[in-house]
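The values are calculated or read from the model by the stated rules, or taken from the named source; none is laboratory data. The structure displayed is predicted, hence computed values, not measured ones. Neighbour counts are summed over all protein chains in view; Cβ atoms, including those assigned to glycine, are modelled from backbone coordinates with ideal geometry. Quick note on the areas: whole protein, heavy atoms, side chains included, nothing else; ligands and nucleic acids left out. Shrake-Rupley method; radii C 1.70, N 1.55, O 1.52, S 1.80 Å.
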Amino acid sequence: MISVRFLGTAGARFMVAKQIRASGGMWFTFSGDVGTTQIHVDPGPGALVRATSAVPPCDPVELDAIALSHKHLDHSGDVNVMIEAMTVGGFRPKGALLAPLDAYEGEAVIFPYAARFVPVRHVLEEQAGPYLVNDVEIRTSIKHQHGVQTYGMHFRYAGVTISYMPCGRFFDGLAEDYARHEPDVLVINVLRYRDTMKVDHLNFEECTHVLRTVRPKVAVLTHFSTRMLEAGPERLARELEDELGIRVFAAHDGWLFDAGNEIAAATAFA
Ligand SMILES: [Zn+2]
Ligand SMILES: [Zn+2]
């Protein structure tokens, strides 16, 4: 079983600052016969509070890893808080960290003292892996164009691939790189609606192009700006379903996405 609890779906500075949508990242749970692996991805501001107040709560002590796609604050604001929570304030070192090098060094967002509480520290590189967290394999994408080191992640577990395309500007080869992994599920950050601002994020049209190329069985849109909220992510998701013939969801705060169920439903739906 693979599930993703959305502890936040906010995507732009204003959305995060006002907490119009939450910014706690995504909590992945992979469970099977051998045990359960929990990975918190992109713990932005408020992640700990969103995790512990979820119903049922996501317990940081049970985490096996914390992963950052990149070091921007909306993805990393609570990373040190989560490390302390995972390791009981450093008294019980455990788990793994996965992040690009610039999250650890230079203008680091992971404090060195906190990093030392985590015995396994992976430096994410372009198109690399598998990085192993128990029996979950994580591979990285092509480097995103996003100002800081940014990589997507492909989680492979029990024959299922669930991919996460974080922030970044559209470029030729981006979608093709994700398509190579043939994801069953693609979680995609689509921040902009139709504006033509030259910012390092996908807009809805580019997202449509990516989904057409990657063709996951199920797509989940997240990381919204206010303009995307105004446009209505649920309505846009339905438009995409009609246009592409794949299952598309718009994430909302607190939502528990059951990947196994939805992949099965999508297979029936196709
Ligand atoms: Zn960013
Ligand atoms: Zn972002």
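Counting only residues that are more than 15 Å from ligand 2 (Cβ to nearest atom), of a type in the set (A, V, I, L, M) and assigned to a loop (DSSP other than H, G, I, E, B), segment 186-205 holds 0 of them. Each residue in segment 206-250 was checked for being in a helix (DSSP H, G or I) and either hydrophobic (A, V, I, L, M, F, W, C) or within 16 Å of ligand 2 (Cβ to nearest atom) (or both), and 15 pass.
So in segment 165-174, with the set limited to residues that are among the hydrophobic types (A, V, I, L, M, F, W, C) and crowded, with 19+ Cβ neighbours inside 10 Å, which one is nearest to ligand 1 (Cβ to nearest atom)? So that I can check it myself, show each step before the final result.
Step one: list which residues in segment 165-174 are among the hydrophobic types (A, V, I, L, M, F, W, C), which gives 165, 167, 170-171, 174.
With crowded, with 19+ Cβ neighbours inside 10 Å added as a condition, the list becomes 165, 167, 174.
Details: M165: 12, C167: 4, L174: 15 Å.
Filtering segment 165-174 for residues that are among the hydrophobic types (A, V, I, L, M, F, W, C) and crowded, with 19+ Cβ neighbours inside 10 Å, the one nearest to ligand 1 (Cβ to nearest atom) comes out as C167.
Here segment 186-206 is the region considered, the condition is being open to solvent by 40 Å² or more (accessible area, probe 1.4 Å) and among the β-branched types (V, I, T), and the residue that is farthest from G260 (Cα to Cα) is T196.
Does V160 qualify as being closer than 19 Å to T29 by Cα and in contact with a helix residue (DSSP H, G or I) (Cβ under 6 Å, 6 or more places away or on another chain)?
On the way: closer than 19 Å to T29 by Cα: yes; in contact with a helix residue (DSSP H, G or I) (Cβ under 6 Å, 6 or more places away or on another chain): no.
Judged against the criteria, V160 is not a match.
When the helices (runs of 4 or more DSSP H) confined to segment 11-121 are screened for residues that are over 19 Å from L191 (Cα atoms) and open to solvent by 40 Å² or more (accessible area, probe 1.4 Å), those reaching at least 1 such residues are found at 47-52, 79-86, 101-104, 112-115.
Taking the listed residues A67, A54, the one that is within 15 Å of ligand 1 (Cβ to nearest atom) and touching a Leu at 6+ places or on another chain (Cβ under 7 Å) is A67, with no other qualifying.
Check R169, R139 and return the single one that is modelled with pLDDT under 95 and either under 14 Å from the mean Cα position of the chain (by Cα) or within 15 Å of ligand 2 (Cβ to nearest atom) (or both). Reasoning before the result, please.
On the way: R139 fails: modelled with pLDDT under 95.
It is R169.
So which of M1, M15 ends up being closer than 18 Å to Y164 by Cα and more than 16 Å from the chain's Cα centre (by Cα)?
Values: M15 fails: closer than 18 Å to Y164 by Cα.
On inspection, the qualifying residue turns out to be M1.
Checked against (1) closer than 30 Å to G232 by Cα; (2) away from ligand 2 (no atom under 16 Å from the Cβ); (3) open to solvent by 30 Å² or more (accessible area, probe 1.4 Å); (4) part of a loop (DSSP other than H, G, I, E, B), P183 meets all criteria but (3). Look through segment 147-164, keep the residues that are open to solvent by 10 Å² or more (accessible area, probe 1.4 Å), away from ligand 2 (no atom under 16 Å from the Cβ) and among the small types (G, A, S), and return whichever of them is farthest from D33 (Cα to Cα). Among residues in segment 147-164 that are open to solvent by 10 Å² or more (accessible area, probe 1.4 Å), away from ligand 2 (no atom under 16 Å from the Cβ) and among the small types (G, A, S), the one farthest from D33 (Cα to Cα) is G159.
For segment 125-151, the tally of residues that are within 15 Å of ligand 1 (Cβ to nearest atom) and not hydrophobic (A, V, I, L, M, F, W, C) stands at 9.
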